[in-house]
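Student: Please see the structure below; I have some questions.
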Amino acid sequence: MHQPVLTDADGIRRQILAANSSDRCIGVIAWMHTFSPAKMWIAGLVALQKPLLHLHSQFHRELPWSEIDMDYMNLHQSAHGDREFAHLLTRMRVRRKTVAGHVDDPGVGERIGTWVRAAAGWHEAHSLRVVRFGDNMRDVAVTDGDKVEAQVQLGFSVDGHGIGDLVAASSAASREIVEALLTDYADQYELAAELRPGGARRDSLVAAARIEAGLRAFLDEHGSHAFTDTFEDLHGMPQLPGIAAQRLMNDGFGFGAEGDWKAAALVRILKVMARGLPGGTSFMEDYTYDLAAGREMVLGAHMLEICPSIAASRPSCEVHPLSIGGRDDPVRLVFTAAPGPAVLVSLVDLGDRFRLIANEVEVISPPAGLPKLPVARAVWRPLPDFTTATEEWLLAGGSHHSVFTGALGLDAIADFAEIAGVELVTIGAESRPSGRRVAR
């Protein structure tokens, strides 16, 4: 919301402190309408805790050439005041986004809007709680990391819970809630015949609905909007949560498989940033490649847990064997991701810092049917080409888990990284091989 013109150091400091303490404020936009001596901003900028956008604009779009006198010049000095302000921001090493142009320009509005989405993601990160059922998948490095440092630098907390807590919550789900979920499944998806009322595997669908009911109740009770699980810890569970994780993601929750709490948090953050945009956002894994010369592509999937927000058509609800986990065959939604541009984003812990890696990709339709692969999947060509994109991802230390988003572009990811103070490696259409021998 608009604030009054600030003309002295104490007023600026008080306004910044008010912004810091307001839950309704996700960021600050500053614009110098005329000359503004920047030293009066020092106390306020020292106190600033919210993301900052510096808008370099001016009140009038065009100059009234024949009417300009020195009074006009002295009252319309955005060019002067904003340079003074920007110099101080740079000297104080204040992280910010800078947007130059008249506020009526559509491009200016779009860039501000992208930053606002990033600020919303940052705001969400600072209230986000990730529930972690079980621990990290044994012996896996990239999905683990420093949860304390993540909370210090990125805001979100990660809380461990025993899988027995989820078993208890699922067992407590009422028959009415489970029946309502079963009705919702039938309304939204193409139910396999064996999962319909009277079908041979109907009990599997009832068990899956009970797991979803328990998950929703548990997350709501703990004020959490993201969670992880692992197939290595399913004690007391009838099946690995498949459709439950998919549907919760579709409703905006974050998810990470095998205890990947960084992926779970990032899914939630990017879903908040993408709210209202077409395209969808999901947990994803680079699974296998087609390396035919000249048409290299990636087949992305997971055992079960890909979000239907990226689906090209109405998903089907099916049950199939899963060779790991040692439990009953899990229910899942099966579909193929819609073609179009997307970005894969990975958050990794490098020991002394966090890093975001983002790769632009072009999602395509599979070149052939996949009748023996009953999971949700996406096929894409990484940009600028398979070799460059893959080598740069590997050199940057990117995970096999990522967040797939067809709703956000690299600009939004870059704005979030700048706000968070996290280094960002971008790989896209204009990228060229770096030639690095060792990642730094």
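The values are calculated or read from the model by the stated rules, or taken from the named source; none is laboratory data. Keep in mind it's a predicted model, so treat the numbers as computed, not measured. Heads up, the Cβs are rebuilt from the backbone with ideal geometry, glycines too, and the neighbour counts pull from every protein chain shown.
Student: Check ASP187 against each of (1) under 16 Å from ARG129 (Cβ atoms); (2) without any contact (Cβ under 8 Å) to a residue 60 or more places away in the chain; (3) among the charged types (D, E, K, R) and name the one condition it does not meet.
Tutor: Of the numbered conditions (1) under 16 Å from ARG129 (Cβ atoms); (2) without any contact (Cβ under 8 Å) to a residue 60 or more places away in the chain; (3) among the charged types (D, E, K, R), the odd one out for ASP187 is (1).
Student: Counting only residues that are over 17 Å from the mean Cα position of the chain (by Cα) and not β-branched (Val, Ile, Thr), give me the strands (runs of 3 or more DSSP E) lying completely in the range 226-328 with at least 3 of them.
Tutor: Strands (runs of 3 or more DSSP E) meeting the threshold: 281-290, 297-301, 316-319.
Student: Would you mind stating whether GLU124 is among the charged types (D, E, K, R), under 30 Å from GLY27 (Cα atoms) and at pLDDT 95 or above? Spell out the reasoning first.
Tutor: Details: among the charged types (D, E, K, R): yes; under 30 Å from GLY27 (Cα atoms): yes; at pLDDT 95 or above: yes.
Yes, satisfied.
Residues checked against (1) of a type in the set (D, E, K, R); (2) buried (at least 21 other Cβ atoms within 10 Å of the Cβ); (3) not in a loop (DSSP other than H, G, I, E, B):
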position	(1), (2), (3)
LEU344	no, yes, yes
ALA358	no, yes, yes
LYS372	yes, no, no
PRO384	no, no, no
THR388	no, no, yes
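Student: If you don't mind, another one. Tally the residues that are free of Cβ contacts under 8 Å to residues at least 24 places away in the same chain, under 14 Å from GLY101 (Cβ atoms) and of a type in the set (Gly, Ala, Ser), restricting the search to the range 50-72. Explain how you work it out, then say what you get.
Tutor: Filtering the range 50-72 down to residues free of Cβ contacts under 8 Å to residues at least 24 places away in the same chain leaves 60, 62-72.
Remaining after also requiring under 14 Å from GLY101 (Cβ atoms): 60, 62.
Subsequent filtering for residues that are of a type in the set (Gly, Ala, Ser) retains none.
Selection size over the range 50-72: 0.
Student: Right, something else. Between a first residue in the range 1-20 that is touching a residue at least 24 places away in the same chain (Cβ under 8 Å) and a second residue that is among the charged types (D, E, K, R), which pairs have beta carbons less than 8 Å apart while being 6 or more apart in sequence or on different chains?
Tutor: Close Cβ pairs satisfying both conditions: ALA9/LYS39; ALA19/LYS50; ASN20/LYS50.
Conditions tested, residue by residue: (1) buried (at least 19 other Cβ atoms within 10 Å of the Cβ); (2) at positive phi; (3) under 24 Å from the mean Cα position of the chain (by Cα).
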residue: HIS123; (1), (2), (3): yes, no, yes
residue: ARG132; (1), (2), (3): yes, no, yes
residue: ASP139; (1), (2), (3): no, yes, no
residue: GLU149; (1), (2), (3): no, no, yes
residue: PHE156; (1), (2), (3): yes, no, yes
residue: ALA209; (1), (2), (3): yes, no, no
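Student: Report, ordered by the first and then the second residue, all pairs with beta carbons closer than 7 Å, sequence separation of six or more or different chains, a first member in the range 386-400 that is more than 13 Å from SER346 (Cα to Cα), and a second member that is acidic (Asp, Glu).
Tutor: Qualifying pairs under 7 Å: PHE386/GLU296.
Student: Please name all residue pairs, on different chains or six or more residues apart, with Cβ atoms under 6 Å, provided the first residue is in the range 335-354 and is of a type in the set (D, E, K, R) and the second residue is loosely packed, with under 15 Cβ neighbours inside 10 Å.
Tutor: Close Cβ pairs satisfying both conditions: ASP349/ASP146.
Student: Going residue by residue through the range 106-115, is there one that turns out to be within 16 Å of ALA420 (Cα to Cα) and in contact (Cβ under 8 Å) with a residue 24 or more places away in the chain? Before you say what the answer is, go through the steps one by one.
Tutor: From the range 106-115, those within 16 Å of ALA420 (Cα to Cα) are 114-115; that's our starting set.
Pick out the ones that are also in contact (Cβ under 8 Å) with a residue 24 or more places away in the chain and you get 114-115.
Yes, there is a match, as at least one residue in the range 106-115 is within 16 Å of ALA420 (Cα to Cα) and in contact (Cβ under 8 Å) with a residue 24 or more places away in the chain.
Student: Among the residues of the range 75-110, write down those that are farther than 20 Å from LYS39 by Cβ and part of a helix (DSSP H, G or I).
Tutor: Listed by number, the residues that qualify are LEU75, PRO106, GLY107, VAL108, GLY109, GLU110.
Student: Give all pairs with beta carbons closer than 7 Å in which a residue from the range 74-99 that is farther than 28 Å from GLU62 by Cβ meets a residue that is buried (at least 18 other Cβ atoms within 10 Å of the Cβ) and among the small types (Gly, Ala, Ser); count only pairs at least 6 apart in sequence or on separate chains.
Tutor: What qualifies is LEU88/ALA38.
Student: Condition (residue is out of contact with any His (no Cβ under 9 Å at 6 or more places or on another chain), free of Cβ contacts under 8 Å to residues at least 40 places away in the same chain and not in a loop (DSSP other than H, G, I, E, B)) applied to the range 116-132: is it met by at least one residue?
Tutor: As a first pass, look at the range 116-132 and keep what is out of contact with any His (no Cβ under 9 Å at 6 or more places or on another chain): 116-123, 125-126.
From what's left, free of Cβ contacts under 8 Å to residues at least 40 places away in the same chain: 126.
Okay, now just the ones that are also not in a loop (DSSP other than H, G, I, E, B), so none.
Checked against the condition, which is being out of contact with any His (no Cβ under 9 Å at 6 or more places or on another chain), free of Cβ contacts under 8 Å to residues at least 40 places away in the same chain and not in a loop (DSSP other than H, G, I, E, B), the range 116-132 yields no hits at all.
Student: Output the residues belonging to the range 390-412 that are part of a helix (DSSP H, G or I) and either of a type in the set (A, V, I, L, M, F, W, C) or at pLDDT below 95 (or both).
Tutor: Start the filter on the range 390-412 by keeping residues that are part of a helix (DSSP H, G or I), which leaves 390-396, 410-412.
TRP393, LEU394, LEU395, ALA396, LEU410, ALA412, listed by residue number.
Student: Going through the range 2-20 one residue at a time, which ones are assigned to a loop (DSSP other than H, G, I, E, B), surrounded by 11 or more Cβ atoms within 10 Å (Cβ to Cβ) and polar (S, T, N, Q)? Don't jump to the end; show me each part of the working.
Tutor: The first filter runs over the range 2-20 and keeps only residues assigned to a loop (DSSP other than H, G, I, E, B), leaving 2-8.
Subset that is surrounded by 11 or more Cβ atoms within 10 Å (Cβ to Cβ): 3, 6.
Listed by number, the list holds a single entry, GLN3.
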